[in-house]
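To keep things clear, I will list the structure first and then write my remarks on it.
The values are calculated or read from the model by the stated rules, or taken from the named source; none is laboratory data. These figures come from a predicted structure and were not determined experimentally. Backbone-built Cβ (ideal geometry, glycine too); neighbour counts: all protein chains shown.
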Amino acid sequence: MRIVIIGAGGIGGWLGAHLSASGQQVGFLVHGRTLAALRSGGLMLRDCSGGEPGTVTARIETPLASDDPVALTGTLGGDPDLVFVTTKVDALPQLAPALRRLTGSTTGVVSTQNGISAPELLADAVGKEHVLPGVARVYSAIISPGTVGTVGNTGSLALGEWDGGATARSSAAVEALQAAGIRAWVPDSIWAELWRKVSFVVVQGALGAATNAPIGVLRSDLRDTFTQAVHEVVAVAAALGHDLATDDAPDPVAAALRMADAQPAGATTSMQRDIASGLPSEFDAQLGAVCRAGDEAGVPTPVLDLAHCVLAPREAAARARG
């Protein structure tokens, strides 16, 4: 398959390294220091389960990388079959022109961002008929431009068509990911799958940022508060028609708590790390979007609203600094 990865950070580097190593035609649309790093030193994936620098699990010596979507498509030999969009949500409106140049008549554009906002933003750019909402689960982060660290050498990506059901396009995407060693599947409802991740990641990020605490503290000292926040997300999802229960996990709140208990004690989310560093974050696209959805659905979200009130001034200050 011809595959374009937009971004080469924690998610993009992880996906791109595995897909490239499996023999797929992969090109990276990147800019600045990341582009320079890929061209000069290649792309490296490290398992940092035992701490940095970790062990190399994949290395792509000469990845195809460009900041020009037209040139990238030309080098790949045609329109990509898949485009994985791995940048932060805030970058998506600015990416719209590049996305339109990359998207051919049958191209699938896969979202990987946390929260519920990205698929709609991608649909605004290329049309919902091209968008495959995706749910990535992997603990990964940039060590330096061109080098990505993971905890464990595993991860998963669920994806599906906007209106549900498996198609030849979504099935081919799953096959490519599985061949690259990534657990992948088309769930019965990709929207419910998206909200399942929100019920853990957005809660962890919001409460972790508000209290400056990793998951080990949230799941112990603040377990009741964490549990209440998960209940709020599950209730909002239900009001929107998304049942988060599955045959394997009939209680979605208990499932989110099991996920919390399975994380390394020091784990944090990317939103949480950005806020702690005084950087602009996905605060609005993640936490803000859930609070707004609750308001619109008439579902109270008091714990999440409190976290929003605590964090909003910090986010505003970070954006004022640029």
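A few notes on this one:
- Enumeration of residues in the range 6-62 that are modelled with pLDDT of 95 or more, in contact with a Leu (Cβ under 7 Å, 6 or more places away or on another chain) and surrounded by fewer than 21 Cβ atoms within 10 Å (Cβ to Cβ): GLN25
- Any hit, the range 190-198, residues being touching a residue at least 24 places away in the same chain (Cβ under 8 Å) and either part of a strand (DSSP E or B) or polar (S, T, N, Q) (or both): no
- Residues of the range 254-280 classified as free of Cβ contacts under 8 Å to residues at least 40 places away in the same chain and among the aliphatic types (A, V, I, L, M), total: 4
- Selected residue (criterion: farthest from SER49 (Cα to Cα)) from residues of the range 146-162 that are among the hydroxyl-bearing types (Ser, Thr, Tyr) and in contact (Cβ under 8 Å) with a residue 40 or more places away in the chain: THR147
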